[in-house]
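What follows is a single structure, written as structure tokens, with notes after it.
Nothing in this text is a laboratory measurement; each read-out follows from the coordinates by a stated rule. Keep in mind that what you see is a predicted model, and the values were worked out from it rather than measured. Every residue, glycine as well, gets a Cβ built from its backbone with ideal geometry; the counts of neighbours run over all protein chains shown.
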Amino acid sequence: MQRRPSPFKLNIMIYKLEENYHPYHQLPYCCVPAILQWILYRHGLDILDQETIGADLGLRLPLKGKAYFSNKSIKFLPLEPKNGYGTQIEKEKYSIQSFFNRHKIPLMISKMHLFNTELRLKKFIIKHLNQNNDIILRYNNKVFKDDNEKSYGHFSVIVDYNTNSGLVTIGDPELPHFKQTTLKQILFSMSKQIDGMQRGLYIIVKS
């Protein structure tokens, strides 16, 4: 006799987190600080301003950034560094985990997870949405740009995954703050194919 699928599984269409994100629009070159604000809000924690977070993450800006920022720890440079303006989270002292530790924020960030198949990416997203973990997407945002627009490395969060449509909702510190894309596009946006840099996903859990 053929087994019937579980009614519970049939009813699951959208995997999502238990608490909602509140969108915070990013200041120039501050996608990482802004996304951390999204995460702090969802966890009911004190929300630091993007300038303070950015300074802790080694934020570097072009000289014109002085019009927006006054924190003395932020560096203003006449020429763009090889790896671009923005934060320096790859360095230990500027890492997201070091930021959490300095401010006694009870969160932990994973290593960056890499993917080469849509199936593995899908299972990973579903697993961590079910566990109510934040999923940070590090990617090139070309997938959300017109052909003639410049794309660049960017940070967002995964909000939900719809198993019927196959669409993933992304929380983005740039407008529009909530947008949808496919697993295929996410995989492409994290790959080396756009600018030669491999990107991936980070998981945030309570410590």
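What is segment 74-161 by shape, rounded, prolate or oblate, if you read a ≥ b ≥ c off the alpha carbon gyration tensor as root eigenvalues and call it rounded for a/c under 1.5, prolate for a/b larger than b/c, and oblate otherwise? Walk me through the intermediate numbers first.
Working: a/c = 2.40, a/b = 1.15, b/c = 2.10.
Oblate, since a/c reaches 1.5 and b/c is not below a/b.
Go ahead and estimate [θ] at 222 nm for the chain from helices alone: -39,500 (n - 2.57) per DSSP H run with n ≥ 4, summed, over the residue count, rounded to 500.
Values: 6 runs with 52 residues, N = 207.
Computed mean residue ellipticity for the chain: -7000 deg cm²/dmol.
Given springs between every Cα pair under 10 Å in a Gaussian network model of the chain, which of Ser165, Ser73, Ser189 has the largest fluctuation?
Between Ser165, Ser73, Ser189, it is Ser165 that shows the largest mean-square fluctuation.
What's the longest uninterrupted piece of the chain once you rule out the GluC sites (Glu not before Pro) that are loop residues per DSSP with at most 16 other Cβ within 10 Å?
Values: sites that count: Glu18, Glu19, Glu90, Glu149, Glu174.
Result for the longest clean stretch: 20-89.
Among Lys64/Lys127; Lys66/Lys150; Lys66/Lys184, which pairs are too far apart, with a Cα-Cα distance over 31 Å?
Values: Lys64/Lys127 43 Å; Lys66/Lys150 23 Å; Lys66/Lys184 39 Å.
Those over the limit are Lys64/Lys127; Lys66/Lys184.
Using Cα atoms only, what is the angle between the long axis of helix 118-130 and the major principal axis of the chain, expressed in degrees (0 to 90) to the nearest 10?
Rounded to the nearest ten degrees, it is 80.
Quick one: of the DSSP bridges fully inside the chain, what percent are antiparallel, nearest 5? If you can, show how the numbers build up before the last one.
Working: 26 of 29 bridges.
If I count the DSSP bridges inside the chain, around 90 percent turn out antiparallel.
When the gyration tensor of the chain is built from Cα positions, what are the square roots of 5 times its three eigenvalues, in whole Å, from largest to smallest?
Values: eigenvalues 203, 79, 42 Å².
Gyration-tensor ellipsoid for the chain: 32, 20, 15 Å.
Between Ala67 and Thr182, what is the FRET efficiency for a Förster distance of 41 Å, r being their Cβ-Cβ separation, to the nearest 0.05?
Numbers: r = 38 Å, r/R0 = 0.93.
It comes out at approximately 0.60.
Could you state the angle between the C-alpha long axis of helix 31-42 and the longest principal axis of the C-alpha atoms of the chain, as a value from 0 to 90 degrees rounded to the nearest 10?
Roughly 50 degrees between the two axes.
For the chain, modelled as a Gaussian network with Cα springs under 10 Å, which listed residue fluctuates most, Ser70, Ser156, Ser95?
So, out of Ser70, Ser156, Ser95, the one fluctuating most is Ser70.
What are the aspartates and glutamates whose alpha-carbon lies under 16 Å from the alpha-carbon of Lys111, with same-chain residues fewer than 8 places away excluded?
The qualifying aspartates and glutamates are Glu90, Glu92, Asp134.
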